[in-house]
Each structure stands twice: as structure tokens, then as C-alpha cells.
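Asks: A single structure is presented below for examination.
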Amino acid sequence: MADRRGRLIPFFAFTGVMLPLVMLVIVLTPGTDRYYIPGRVWIFGTLAIFGVRLRALGVEHVDPDRDYVLLSNHRSQLDPPAIAAALSPREMRWVAKNELRAVPPLGGPGAVTDLDADDRGPLMERVPDEIARMLEELEGASEGELNA
């Protein structure tokens with residue numbers, strides 16, 4: 001644990017340099033994806049600072065001509081950069097909770113880079129109805145009709 005804490009200072013220093021650089025590229029080249037270049041440097045640098053050795057299996061099955069939705073279970077805060085590194089150089093778009101738009105370093109660049117913000121309020125209101133619908137489907141289905 002002490003080793004991880006000792007890596008936070010280099011991480012925050014590195015992020016303190018890279019985040020303004022990414023934002024500068026966004027401002028100077030609006031409407032382009034040029035921010036991916038310093039963004040990738042931040043992704044790989046972050047993983048290196050924390051000593052993450054990445055082994056991605058099955059990446060060869062990702063069709064470069066198709067779009068995918070990838071979800072992170074956030075078992076660690078390094079899941080999103082690890083996914084981005086595993087699929088590099090493929091460009092990615094991120095989804096974040098709507099409240100993050102109020103965080104100055106994220107809100108401005110997020111608006112310019114088409115960051116999708118999820119308003120969890122309406123989603124959480126639908127959860128009981130969705131669970132009820134799924135239970136009805138399960139009750140009405142015979143064995144072998146369900147696909148996972």
C-alpha cells in the first residue's frame with residue numbers, strides 16, 4: 001500500500017502537465033481528434049507510473065470497422081486507461097456521469113470532445129420497472145428460450 005501511495009505524487013505531477021497539454025490541443029485544434037496524441041501519452045504514462053503490466057487477450061477479434069460499447073467494472077481506477085491502452089491506437093469516446101461536467105478540468109474539454117454524460121436520475125427511476133419487465137419475461141419463457 002505504501003508503494004502505491006508513493007506513486008500518487010508522480011501521477012499527479014504527470015497529470016498536472018498532461019491535462020493542460022490535452023486541453024491546449026483541444027482549444028487550438030477544435031473539431032479534430034488531435035488530443036488523442038497527448039491523451040495516449042497520458043494513458044501509457046499513467047499505467048507505467050503505477051507499474052501496470054497489461055496483457056490483453058482477444059484484441060485481434062476486434063473489428064476495426066465496427067463500433068463497440070465497452071464497460072468497465074472499475075475494480076480499480078486504472079480500468080479505463082487499461083482498456084484504452086489495450087485497444088490503442090483505436091480512438092475511443094467516454095461516457096461519464098453528468099455530475100462530472102461541473103468539475104472544471106473535465107467539463108470544458110468534455111463538452112468540446114463530445115463526452116457523453118449520463119444523467120443517472122431518470123435511469124435510476126426506471127430500474128424497478130425494468131426489473132419487473134425482466135422477471136415477467138423470465139416467468140413466461142420456457143427453458144432453452146433464454147439467451148445470455
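Asks: I need the full set of residues from the stretch 40-71 which are small (G, A, S) and either in contact with a Phe, Trp or Tyr (Cβ under 8 Å, 6 or more places away or on another chain) or in a helix (DSSP H, G or I) (or both), in order please.
Replies: Answer for the stretch 40-71, where residues must be small (G, A, S) and either in contact with a Phe, Trp or Tyr (Cβ under 8 Å, 6 or more places away or on another chain) or in a helix (DSSP H, G or I) (or both): G45, A48.
Asks: Are any residues in the stretch 25-49 modelled with pLDDT of 90 or more and farther than 20 Å from R90 by Cα, and if so, which ones?
Replies: L28, I49 - these are the residues of the stretch 25-49 that are modelled with pLDDT of 90 or more and farther than 20 Å from R90 by Cα.
Asks: Look through the stretch 70-108, keep the residues that are β-branched (V, I, T) and under 10 Å from the mean Cα position of the chain (by Cα), and return whichever of them is modelled with the highest pLDDT.
Replies: Ranking the qualifying residues of the stretch 70-108, first place goes to I83.
Asks: Another one. Is there a residue being within 19 Å of Y36 (Cβ to Cβ), of a type outside the set (A, V, I, L, M) and under 12 Å from the mean Cα position of the chain (by Cα) anywhere in the stretch 53-64?
Replies: No, the conditions are met nowhere in the stretch 53-64.
Asks: Right, another one. Just checking, does the stretch 56-70 include any residue being closer than 23 Å to T15 by Cα and surrounded by 12 or more Cβ atoms within 10 Å (Cβ to Cβ)?
Replies: Among the residues of the stretch 56-70, not one is closer than 23 Å to T15 by Cα and surrounded by 12 or more Cβ atoms within 10 Å (Cβ to Cβ), which makes the answer no.
Asks: What residue, among those in the stretch 15-39 that are part of a loop (DSSP other than H, G, I, E, B) and free of Cβ contacts under 8 Å to residues at least 40 places away in the same chain, is surrounded by the most Cβ atoms within 10 Å (Cβ to Cβ)?
Replies: The extreme case among them is R34.
The values are calculated or read from the model by the stated rules, or taken from the named source; none is laboratory data. Note that the coordinates shown come from a computational prediction; the quantities given were computed from them, not determined experimentally. Here the Cβ is made from the backbone with ideal geometry for all residues, glycine too, and neighbour counts use every protein chain on show.
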